[in-house]
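Note sheet for the following structure.
The values are calculated or read from the model by the stated rules, or taken from the named source; none is laboratory data. Nothing here was measured: the structure is a model prediction, and the numbers come from that model. Quick reminder, even Gly has a Cβ in these numbers, built from the backbone with ideal geometry, and neighbours come from all protein chains shown.
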Amino acid sequence: MQNRIHLSIAHLTGREQEFIQEAFDTNWVTTAGHNLDAFEKDLADFLGNDCHTLALDSGTSAVHLGLVLLDVQEGDEVLCQSFTYAASANPILYQRATPVFIDSEKDTWNMSPEHLERAIKDRIKKGKKPKVVILVHLYGMPAQIDDLLAVANRYEIPVLEDAAEALGSQYKGIRCGTFGELAVLSFNGNKIITTSGGGALVSRTKDRIQNARFLSTQARDALPFYQHSHVGYNYRMSNVLAGIGRAQMTALPQRVEQRRQINRFYREQLAGIEGVGFHTEPSPDFFSNYWLTVLLIDPAKMKISPENIRVALEKANIESRLVWNPMHRQPLFKDCPFYGNGVADSLFKNGLCLPSGSSLTEEELHRVTEAFFCVCCIH
Ligand SMILES: *Cc1c(COP(=O)(O)O)cnc(C)c1O
């Protein structure tokens, strides 16, 4: 059996140990220290747009803390893109709030501005104005930012931007992760860069990040003894792991270029196959990090379903994956309201993610496309 080709795995630079060693040499091995300060600065410098950053122990913690900062409470409604990973929506339940799911639009596969506005109007008519909009840049593709922000601003609802998959992506030349009142990044093992596990909150409002830092370290009042007036969390990133992040940041622009190159490779190789489409930047306003390359398979033309392709690739020891199953289809969220007309459902039916890790070699990429041709009987 040939070696396994993974969907997306950690790609180390070789410098991680250097920064980890610095934490040990200086005895800063918990949730404060130079690696954290430097990693947060590296992130803020990379993102630009005058943003501030806070490193946390996961992207999920960042979503949760974001909702806390935006004052989401029991019984509130939160509008959330349905076509996403469960980590975008689970923290709504941590707050005992109700998710209201919004369908995607066909170009970016992200939140539809039309359905967002329809949902807001309807929720207000039913008696409750939604508290927050959670939009996602899925697989690295920027959402329709201008239209979505226009709707959210019209109704004065703050936006929490889930940029967990989109570090390095841009909309109109501005980095994803700097558009929302708050934004979330993730550094788990399969994202474009990793800290083994970790996340960050981003905001252009400095107070938001200061407040997030306070809440993420148990919300201790500024007194010589232990006094607490707010619910606190233990969500801070370790200074040891921030060392991994510093090393990873040195390679981020390269990692974006590598993932985009992998995307170009698949396009060239699979171009012209009847029944194969791609998740594609709709116009030059959109710049995707192409965290994952995603195909749309037309089963009628291809005579094979995405799931059967996945199983057949697996036999060649190649990991591919179906796209996220929309949240409004999850047993966990079956009673939540949904506004849409089948776009996310059809993406789920036809989508397939190909191996896209930045450490894939040209030989491995050819193995994937050759296995794909073989599975689909294309010669
Ligand atoms: C990975 C991911 C998260 C959460 O990140 P973790 O660091 O794994 O907690 C949130 N949202 C989306 C869309 C993700 O892909």
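I'm trying to understand the selection: among the residues of region 282-308, which are aliphatic (A, V, I, L, M) and either over 21 Å from residue 9 (Cα atoms) or assigned to a loop (DSSP other than H, G, I, E, B) (or both)?
Step one: of region 282-308, the residues aliphatic (A, V, I, L, M) are 292, 294-297, 300, 302, 304.
Answer for region 282-308, where residues must be aliphatic (A, V, I, L, M) and either over 21 Å from residue 9 (Cα atoms) or assigned to a loop (DSSP other than H, G, I, E, B) (or both): 292, 296, 297, 300, 302, 304.
Taking every residue in region 171-196 that is touching a residue at least 12 places away in the same chain (Cβ under 8 Å) and among the hydroxyl-bearing types (Ser, Thr, Tyr) and pairing it with any residue that is assigned to a strand (DSSP E or B) and within 11 Å of the ligand (Cβ to nearest atom), at least 6 positions away or on another chain, the pairs with Cβ-Cβ distances below 7 Å are 186/199.
Looking only at region 74-97, filter to residues that are closer than 22 Å to residue 117 by Cα and surrounded by fewer than 20 Cβ atoms within 10 Å (Cβ to Cβ); which one of those is farthest from the ligand (Cβ to nearest atom)?
Residues of region 74-97 closer than 22 Å to residue 117 by Cα: 75-84, 88-89, 92, 97.
From the residues that got through so far, the ones that are surrounded by fewer than 20 Cβ atoms within 10 Å (Cβ to Cβ) too are 75-76.
Details: 75: 24, 76: 20 Å.
Within region 74-97, the match that is farthest from the ligand (Cβ to nearest atom) is 75.
Here are 59, 66: which of them is under 19 Å from residue 179 (Cα atoms) and either at pLDDT below 95 or more than 10 Å from the ligand (Cβ to nearest atom) (or both)?
Numbers: 59 fails: either at pLDDT below 95 or more than 10 Å from the ligand (Cβ to nearest atom) (or both).
It is 66.
For region 49-151, list the helices (runs of 4 or more DSSP H) that sit wholly inside it and hold at least 1 residues that are in contact with a strand residue (DSSP E or B) (Cβ under 7 Å, 6 or more places away or on another chain) and polar (S, T, N, Q); which are they?
Details: elements: 59-69, 90-94, 113-125.
Those helices (runs of 4 or more DSSP H) span 59-69.
One residue stands out in region 177-204 among those that are under 15 Å from residue 58 (Cβ atoms) and among the hydroxyl-bearing types (Ser, Thr, Tyr): the one that is nearest to the ligand (Cβ to nearest atom), namely 186. Within region 320-350, restricting attention to residues that are in contact with a His (Cβ under 8 Å, 6 or more places away or on another chain) and outside any loop (DSSP other than H, G, I, E, B), the residue that is farthest from residue 79 (Cα to Cα) is 344. Annotation: of all residues in region 152-164 being part of a loop (DSSP other than H, G, I, E, B) and buried (at least 24 other Cβ atoms within 10 Å of the Cβ), the one that is nearest to the ligand (Cβ to nearest atom) is 164. Output yes when any residue across region 165-176 is in a strand (DSSP E or B), of a type in the set (Ser, Thr, Tyr), within 16 Å of the ligand (Cβ to nearest atom) and at pLDDT 95 or above, and no when none is. Among the residues of region 165-176, not one is in a strand (DSSP E or B), of a type in the set (Ser, Thr, Tyr), within 16 Å of the ligand (Cβ to nearest atom) and at pLDDT 95 or above, which makes the answer no.
Tally time: how many residues in region 25-34 are in contact (Cβ under 8 Å) with a residue 60 or more places away in the chain and surrounded by fewer than 17 Cβ atoms within 10 Å (Cβ to Cβ)?
First, the residues of region 25-34 that are in contact (Cβ under 8 Å) with a residue 60 or more places away in the chain: 28-34.
Going one step further and asking which of them are surrounded by fewer than 17 Cβ atoms within 10 Å (Cβ to Cβ), we end up with 29-30, 32, 34.
Qualifying residue count for the region: 4.
For region 171-182, the criterion of a residue being of a type in the set (Asp, Glu), surrounded by fewer than 24 Cβ atoms within 10 Å (Cβ to Cβ) and within 19 Å of residue 66 (Cβ to Cβ) is satisfied by at least one position.
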